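Notes to accompany the following structure.
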Amino acid sequence: GAVVSQHPSWVICKSGTSVKIECRSLDFQATTMFWYRQFPKQSLMLMATSNEGSKATYEQGVEKDKFLINHASLTLSTLTVTSAHPEDSSFYICSARLKFTEAFFGQGTRLTVV
Amino acid sequence: KQEVTQIPAALSVPEGENLVLNCSFTDSAIYNLQWFRQDPGKGLTSLLLIQSSQREQTSGRLNASLDKSSGRSTLYIAASQPGDSATYLCAVPNYNQGGKLIFGQGTELSVKP
């Protein structure tokens, strides 16, 4: 299957700083990318959907000013957690898809805010 | 509103058994259905994608079926192995909501040696 690379795999940052997570589709052009958050033993929670060249569509309850999403090209989307706090600590996963086809997921990023 | 349900929530079997995981969805107007596995602390791995026009897809020891009219899909795992232990998720895209995937809650599978 296609490969979606997410970087970094894990990151520890200090409270109040910002962290950027990258999601790249390595062997296909992703017209749509999705960002999820997952708490331990829970299912994926969709945070936002982004289409290349357009503003991201955020799910209800997700702060768009805190979780900045950029989808500047067909192979790259970034999620920036701004002014991170301990409650933002979580597992973040991206997904990429070309139009109405199979979705592929990155390996996830474990964010710990101390 | 599309809802996806998976039964059972957890399953423990001895190695070598054949097993079936179930997925049901409320709106039969789907484009496709996808099965994933997730290992602890990892992202999701796509296992099988069934298009709405298909009834079955096979990959190795995995076979997924789709019955749109009844709103059901099953994932059959033959000759289970300890390495199959993971959480299995099914999902359907909702194109009325930007194509986002609607996930079931998952089945946590444990295969005992």
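The table for this structure:
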{"quantity": "Partner aspartates and glutamates for B:LYS112 [C-alpha distance under 20 Å; skip if fewer than 8 residues away on the same chain]", "calculated": "B:GLU15, B:GLU17, B:ASP39, B:ASP84"}
{"quantity": "Scattering curve values for segment B:34-105, log₁₀ I(q)/I(0), Debye with Cα scatterers, q = 0.21 Å⁻¹", "calculated": "-0.99"}
{"quantity": "Surrounding net charge for A:SER15, when Lys and Arg each add one and Asp and Glu each subtract one, Cβ distance under 15 Å", "calculated": "0"}
{"quantity": "A:LYS66/A:LYS14 FRET efficiency (R0 22 Å; Cβ-Cβ; nearest 0.05)", "calculated": "0.85"}
{"quantity": "Ranking of B:ILE77, A:ILE69 by count of other Cβ atoms within 10 Å, fewest first", "calculated": "B:ILE77, A:ILE69"}
{"quantity": "Backbone N under 20 Å from the A:THR57 label point (7 Å along Cα→Cβ), restricted to segment B:76-109", "calculated": "B:91-104"}
{"quantity": "√(5λ) per eigenvalue of the Cα gyration tensor, chain A, largest first, Å", "calculated": "22, 14, 13"}
{"quantity": "Counted charge near B:SER80, where neighbours are those whose Cβ lies closer than 9 Å (Asp, Glu -1; Lys, Arg +1)", "calculated": "-2"}
{"quantity": "Extended-chain gain in nm, criterion 0.36 nm per residue less alpha-carbon gap, B:VAL20 and B:ALA79", "calculated": "20.1 nm"}
{"quantity": "Whole-Å distance, taken between Cα centres, linking segment A:33-69 and segment B:36-113", "calculated": "22"}
{"quantity": "Estimated distance in nm for a label pair at B:VAL13 and A:ARG110, the labels positioned 7 Å out from Cα along Cα-to-Cβ", "calculated": "3.0"}
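Bear in mind these aren't lab numbers, they're just calculated from the coordinates by the rules spelled out. For clarity, every value in this text was computed on a predicted model and none was experimentally measured. Every residue, glycine as well, gets a Cβ built from its backbone with ideal geometry; the counts of neighbours run over all protein chains shown.
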